[in-house]
1. Criterion first (over 18 Å from Pro237 (Cα atoms), assigned to a helix (DSSP H, G or I), of a type in the set (S, T, N, Q) and open to solvent by 10 Å² or more (accessible area, probe 1.4 Å)) does Gln160 satisfy it?
2. Which of the residues belonging to the range 236-254 are open to solvent by 10 Å² or more (accessible area, probe 1.4 Å) and either in a strand (DSSP E or B) or modelled with pLDDT under 95 (or both)?
3. List the residue pairs whose Cβ atoms are under 9 Å apart, where the first residue sits in the range 44-68 and is within 12 Å of Trp23 (Cβ to Cβ), the second is small (Gly, Ala, Ser) and open to solvent by less than 70 Å² (accessible area, probe 1.4 Å), and the two are 6 or more positions apart or on different chains.
4. Within the range 260-318, how many residues are closer than 23 Å to Gly180 by Cβ, part of a strand (DSSP E or B) and touching a helix residue (DSSP H, G or I) at 6+ places or on another chain (Cβ under 9 Å)?
5. Would you mind telling me which numbered condition in (1) within 26 Å of Thr316 (Cα to Cα); (2) in a loop (DSSP other than H, G, I, E, B) Gly180 fails?
6. Which condition does Glu168 not pass, out of (1) open to solvent by less than 70 Å² (accessible area, probe 1.4 Å); (2) closer than 19 Å to Cys319 by Cβ; (3) in a loop (DSSP other than H, G, I, E, B), if it passes all the others?
7. Among the listed residues Tyr195, Tyr211, which satisfies the condition of being of a type in the set (Phe, Trp, Tyr), crowded, with 21+ Cβ neighbours inside 10 Å and over 30 Å from Ser113 (Cα atoms)?
Amino acid sequence: MKQFVIILTLIAVSQALNDEEEWGNFKEKYVKTYKSSAEESKRFSIFQSNLRRIENHNLKEEQGYFTYRFGVTKFADLTPQEFIEMMTLHKTQKPKLTDTIGLVNYTGDIPDSIDWTKKGAVTNVKNQGSCGSCWAFSTTGTVESANFIKTGKLISLSEQNLVDCDYEDSGCSGGYMINGLKYIEQNGIMSESAYPYKEQDGNCMFNENKYAVKISGYKTIISGDEDDLKKAIIQTPVSVAIDVTDIFQLYTSGTLYDPTCGNTEYDLNHAVLAVGYGTSNGLDYWIVKNSWGSEWGMDGYVWMSRNRDNQCGIATYGCYAVI
């Protein structure tokens, strides 16, 4: 019995030392600082809890229960509740279906897979930070790609332009991608370099003489129709909204499937860019570009389950720019 207790003690000490090392690596990698020792102690405790989540999840993934893996992300010092509160839109800010004009009309070949990142049509992954501007990043994403497909020029466009100047939306407090597209159709949008992102609301500094891209309109997909979304993506990356749950917090790789997320208009709480689709190990997936920086997920991307009951509402709200 005494020997058993000693073994358990050694295991606990080893785990504590490993947690300390992981914590140090985490703080260094993500440049984490805290306002007090008490706050850091609290964050370390949450971090340890998330390490156990990661270990337990990945063990089950190895046993075949899951098709995606967890890891230490920049959100690993947050509770699941804090993560959802920080990185998703509130109910009054969620994307809504404003109209259904300009539905997808595609009758061409349907390839087994497509990835617009490999065609050079997608800009580098960006980071919205603490501003609730995912809608703006999703909007610029589809416009950037449409412009590339039309002109061969990939220009990083200004999310801050939309945050500051699209008065139909609420800047860092949320907005709707269709409204963003309407703004760009009416006014044009400046480049990222001419109107840099500030991660906060600001006064509109748009210069109509310096816009980089202007669109002629937009199209929408049939709500809830994954085949329609597929036909749209064959033509161009599509701005979509999803229901983000706490499993996104520690996601690092694989095909994400969450039976607890919702797929109705009411459930949507985050805007992203669908840039392709494919199949791996018998699992169909959507290739989704996020706006949480390249350190999250698979270099800023997530594979979301496809053909599984409109997973997390990915085909509920979809629109794309036309040039």
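The values are calculated or read from the model by the stated rules, or taken from the named source; none is laboratory data. Quick caveat: nothing in here was measured; it's all calculated off a predicted structure. Neighbour counts are summed over all protein chains in view; Cβ atoms, including those assigned to glycine, are modelled from backbone coordinates with ideal geometry. The area values use the complete protein model at the heavy-atom level, side chains included, leaving out ligands, DNA and RNA. Shrake-Rupley method; radii C 1.70, N 1.55, O 1.52, S 1.80 Å.
1. Values: over 18 Å from Pro237 (Cα atoms): yes; assigned to a helix (DSSP H, G or I): yes; of a type in the set (S, T, N, Q): yes; open to solvent by 10 Å² or more (accessible area, probe 1.4 Å): no.
Considered against the rule, which asks whether it is over 18 Å from Pro237 (Cα atoms), assigned to a helix (DSSP H, G or I), of a type in the set (S, T, N, Q) and open to solvent by 10 Å² or more (accessible area, probe 1.4 Å), Gln160 comes out as no.
2. Thr252, Ser253, Gly254
3. That search, which allows pairs on different chains as well, returns Ile46/Ala76; Phe47/Ala76; Gln48/Ala16; Asn50/Ala76; Leu51/Ala76.
4. Counting residues in the range 260-318 that are closer than 23 Å to Gly180 by Cβ, part of a strand (DSSP E or B) and touching a helix residue (DSSP H, G or I) at 6+ places or on another chain (Cβ under 9 Å) gives 15.
5. Condition not satisfied by Gly180: (2).
6. Glu168 satisfies every listed condition except (1).
7. After ruling out the rest, the residue left standing is Tyr195.
For (1) in contact with a helix residue (DSSP H, G or I) (Cβ under 6 Å, 6 or more places away or on another chain); (2) assigned to a helix (DSSP H, G or I); (3) at pLDDT 95 or above, each residue gets a yes or a no:
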{"site": "Asp99", "(1), (2), (3)": "no, no, no"}
{"site": "Thr107", "(1), (2), (3)": "no, no, no"}
{"site": "Thr117", "(1), (2), (3)": "no, yes, yes"}
{"site": "Val122", "(1), (2), (3)": "yes, no, yes"}
{"site": "Gly129", "(1), (2), (3)": "no, no, yes"}
{"site": "Thr139", "(1), (2), (3)": "yes, yes, yes"}
